[in-house]
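Bear in mind these aren't lab numbers, they're just calculated from the coordinates by the rules spelled out. Everything numeric here is computed off the predicted structure, so don't read it as measured data.
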Amino acid sequence: MTLPLIPAPQTIATTDATTTPLTAAHVDSLAAALEPWAPRASAAARRLLTRGVTADAPTPTVVVDARLDPSLAAEGYTLDLAPEAWTLTAADEAGAFWAVQSLAQMVRDGGVPAVTLSDAPTYPVRGMMLDIARFYFGPADIRRVIDLAASYRLNQLHLHLSDDQGWRLEIPSRPLLTKLSSAQDVAGGEGGSLTLADYHELQQYALDRHVVIVPEVDLPGHTHAAQVAYPEISPDGQEREPYTGTEVGFSSLHLTSDEAWAFVDDVVATLAEHTLGEYIHLGGDESLTLTREQYVTYMERLGAVAAAHGTKVVFWQEAAGAALPPQTRLQYWTSQFETGHMGKVAREQDVQFVASPGNRAYLDQKYTADFPLGLDWAALIDVEDAYDWDPVAELPDIPAESVVGVEACLWTETPRSFDDLTMLTLPRLPAIASVAWGSPKDLGAFRTALAQHGRWWDEDGLVFYRSTQVDWD
Ligand code: TNX
């Protein structure tokens, strides 16, 4: 019997065809057993399992229990579901929360299967990136993305908050950013931006789902929009018009001026003060107007600014080779630049790598050559390409212990609506989440499970791409 679990759990010990009806009382018992030590898992159980309740279910005779077992691997859990007793154990609250996500998939079509499984993620960092700078998606859409990510047991949402086309987060000491730099997008639309109150609410919403938000302000390139508001931070000090094209690499802040660094300090101070997670992302990709030496000098100073504000930092891979603060994360995205030094950097510095290879993990790439949405500079990525890869093998000579995670990236040069967003994200996000979780590879089972998820996306009104690699209904 194949369960429609995505990501697939590490091991399934027993399973047979029996299912026990799920009643509202069962959901209550599970939520009550979780409440004392895993309140967020308890709330998720009430929110998510109720739809699996079968109306004509008999009086409950099932003993439901949930307990903490710190001897399990971090974020790990077991589910032992027999007709007379259901037991959930979890290493920690996150494990209990992921157990509830798995259970929600198992019961969604009614009934609890008889199964024993144990599960834990391979990678501690399992993310999705959403670019709200090119095209603005507001809090309501971002919450739906968080729910989707959490349902596939991802624990990080990276928000790309600034780029040449727009600035999307309130910075109180720099009020012109949200007056002059956010009122447009790549499509000539009206853009938008998050207030700090929005940002706090989103972080809380995410944390309630064991998802941490990593905010990104991209520096020193991808900064045209900021220079529209504050021309004095640009290399030439000239006034600029808003940019709505899709070129990359043409903008940079002034590399050394006091005005430009005061701006950077204001922005980093705000991010550090208002971010609940340990990490902020400060970009560092595609500064194509700089020499390598200029770039490295800049990134070393930028790392020091982050450290001075007491926050850990993520940079795009180009920063590999600069002297960076301890525990800096480097996000690998392309083989198109020099990568030969990265293994040495991993071995000699206290840095970690997150795998976002453009040819596997980029949700903005087309599925097929004639697909109407998306770009194709990295690859055409159908669902099997997104599923069948290994993060360590995909990265250039970086020791396995330096690879801490996987992140799927959705850049928004081409999407124009939430439907476009989900069209690019589904079904590839579940595939990349399976890689991040480290599920045992079983393409056949994955395709069967995806078909089931496709029925659910239809029911939930989520538009998705009907890849010819899956037998959808
Ligand atoms: C490269 S990936 C970029 C982005 C673009 C993306 C489009 C990366 C770090 N930079 O600025 O949006 O390609 O696929």
> Under a 5 Å amide H to amide H cut-off, with H placed in plane at 1.01 Å, what residues pair with His309 once short-range neighbours are removed?
Replying inline: none
>> Quick query: amide H of Asp218 versus all other amide H atoms, modeled in the peptide plane; which residues come in under 5 Å with a sequence gap of 5 or more or a different chain?
In response: Leu161, Ser162
> Based only on Cα atoms, what Rg/Rh ratio does the stretch 161-314 have, Rh being taken as Kirkwood's radius?
Replying inline: 0.95
>> Tell me the mean residue ellipticity at 222 nm calculated for the chain from its helices only (DSSP H runs of n ≥ 4, each -39500 (n - 2.57), averaged over every residue, nearest 500).
In response: -10000 deg cm²/dmol
> Can you pull the Rg over Rh of the stretch 11-119, Cα-only, Kirkwood?
Replying inline: 0.93
> Expressed as an acute angle from 0 to 90° and rounded to the nearest 10, what is the orientation of the C-alpha long axis of helix 428-437 relative to the principal long axis of the chain?
Replying inline: 80
> Out of residues 5 or more away from Val314 or on other chains, whose amide H comes under 5 Å of its own, with H placed 1.01 Å from N in the peptide plane?
Replying inline: Ile280, His281, Leu282, Arg329
> Which translational diffusion coefficient, to the nearest whole µm²/s, is obtained for the chain from the Stokes-Einstein equation, given a Kirkwood hydrodynamic radius over C-alpha pairs, 25 °C and 0.890 mPa s?
Replying inline: 106
>> Using a Cα-Cα cut-off of under 13 Å, which aspartates and glutamates could be cross-linked to Lys344, ignoring same-chain neighbours fewer than 8 residues away?
In response: Asp397
> Across the stretch 293-301, in residue order, what do the Karplus-derived ³J(HN,Hα) couplings come to in whole Hz, using 6.51 cos²θ - 1.76 cosθ + 1.60 with θ = phi - 60° and x for Gly and Pro?
Replying inline: 5, 4, 4, 4, 4, 4, 5, 5, 5
> Along the stretch 201-213, what does the Karplus equation 6.51 cos²θ - 1.76 cosθ + 1.60 (θ = phi - 60°) give for ³J(HN,Hα), rounded to whole Hz, x for Gly and Pro?
Replying inline: 4, 5, 5, 5, 4, 5, 4, 4, 10, 6, 10, 9, 8
> Hey, what do the phi angles of the stretch 446-454 turn into as Karplus ³J(HN,Hα) couplings, whole Hz, using 6.51/-1.76/1.60 and θ = phi - 60°, x for Gly and Pro?
Replying inline: 5, 5, 5, 5, 4, 4, 5, 4, x
>> Report the Rg/Rh value for the stretch 328-440, based on alpha-carbon coordinates and the Kirkwood definition of Rh.
In response: 1.00
